[in-house]
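Below is one structure, written out as structure tokens, with a few remarks after it.
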Amino acid sequence: DGGITQSPKYLFRKEGQNVTLSCEQNLNHDAMYWYRQDPGQGLRLIYYSQIVNDFQKGDIAEGYSVSREKKESFPLTVTSAQKNPTAFYLCASEKDFRTGTAYTEAFFGQGTRLTVV
Amino acid sequence: AQKITQTQPGMFVQEKEAVTLDCTYDTSDQSYGLFWYKQPSSGEMIFLIYQGSYDEQNATEGRYSLNFQKARKSANLVISASQLGDSAMYFCAMREVYNTDKLIFGTGTRLQVFP
């Protein structure tokens, strides 16, 4: 079954710790994204990657880092520099938007809920 | 600049009735796409419907239809014959063709369907 998998589902972080959220897809998609969702707010883009070994900052990249060493994987590290990391994090992938059309369906993982304790 | 606005934080609808969720957008691009996603309490995002800026017909997918009014820059989602399982958060999103770096989202509308 093709899909996108995020793990863990719940994650607790102590103050000053770095934590890494996993995102894996077996859809052979080129592009992958990380979004953050806070209560009452929409999804805000943290980082995205259109191709292996390349990624770009989104609107709220400060305090986060990513890597894209394999097409299937796009892990997100929440560093200690992120002062308010408690949120719901969603990973998404899509085949390739560079087709001259706005239509590419993004597939989302189930999300990781991160809480600072 | 790209922007999506959803002004209804919450909506209630009775089962079997139709409901309209509002979405307005702002873009300077002539070519763009509009999307609606559903987010149940489980947290996953489910793609519902897509409308391209050059599509002349309003998009429909089963009980979902998109009321696209280009001049008013609105892309409202209409759910017909609501079901209890439709209770969820609904997000409107947009992508510009010439700035296709990112899919941007509105703040969402929480829909509750009651018997």
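The values are calculated or read from the model by the stated rules, or taken from the named source; none is laboratory data. None of the values given here were measured: they were computed from a predicted structure. Cβ: placed from backbone, ideal geometry, glycine included. Neighbour counts: every protein chain shown. Just the protein is used for accessible areas: all its heavy atoms, side chains included, with ligands, DNA and RNA removed. Shrake-Rupley method; radii C 1.70, N 1.55, O 1.52, S 1.80 Å.
Can you find a residue in region B:10-32 that is among the small types (G, A, S) and surrounded by 15 or more Cβ atoms within 10 Å (Cβ to Cβ)? Yes, some residue in region B:10-32 is among the small types (G, A, S) and surrounded by 15 or more Cβ atoms within 10 Å (Cβ to Cβ). Counting only strands (runs of 3 or more DSSP E) that sit wholly inside region A:1-77, those with at least 1 residues that are under 10 Å from the mean Cα position of the chain (by Cα), crowded, with 18+ Cβ neighbours inside 10 Å and modelled with pLDDT under 95 are A:31-37, A:43-51. Please go through region B:51-70 and give me each residue that is farther than 24 Å from B:F12 by Cα, within 11 Å of chain A (Cβ to nearest Cβ) and out of contact with any Gly (no Cβ under 6 Å at 6 or more places or on another chain), ordered by number. Answer for region B:51-70, where residues must be farther than 24 Å from B:F12 by Cα, within 11 Å of chain A (Cβ to nearest Cβ) and out of contact with any Gly (no Cβ under 6 Å at 6 or more places or on another chain): B:Q51, B:S53, B:Y54, B:D55. Restricting attention to region B:44-70, the residues that are of a type outside the set (F, W, Y), surrounded by fewer than 19 Cβ atoms within 10 Å (Cβ to Cβ) and within 30 Å of A:S7 (Cβ to Cβ) add up to 2. Scan region A:83-93 and tell me whether some residue there is farther than 16 Å from B:Y37 by Cβ, more than 14 Å from chain B (Cβ to nearest Cβ), at pLDDT below 95 and open to solvent by 70 Å² or more (accessible area, probe 1.4 Å). Yes - at least one qualifying residue is present in region A:83-93. Going by what's in this entry, would A:K70 be described as basic (K, R), more than 13 Å from chain B (Cβ to nearest Cβ) and more than 18 Å from A:R113 (Cα to Cα)? Judged against the criteria, A:K70 is a match.
Highlighted here are the strands (runs of 3 or more DSSP E) found entirely within region B:16-115 that include at least 1 residues which are basic (K, R): B:32-39, B:88-96, B:99-105, B:109-114.
Would you check if there is a residue in region B:22-38 being charged (D, E, K, R), within 14 Å of chain A (Cβ to nearest Cβ) and closer than 26 Å to A:I4 by Cβ? The answer is yes, given that some residue of region B:22-38 is charged (D, E, K, R), within 14 Å of chain A (Cβ to nearest Cβ) and closer than 26 Å to A:I4 by Cβ. Collect the residues in region B:71-109 that are within 14 Å of chain A (Cβ to nearest Cβ) and open to solvent by 30 Å² or more (accessible area, probe 1.4 Å), keeping them in residue-number order. Within region B:71-109, B:Y98, B:N99, B:D101, B:K102, B:T107 qualify.
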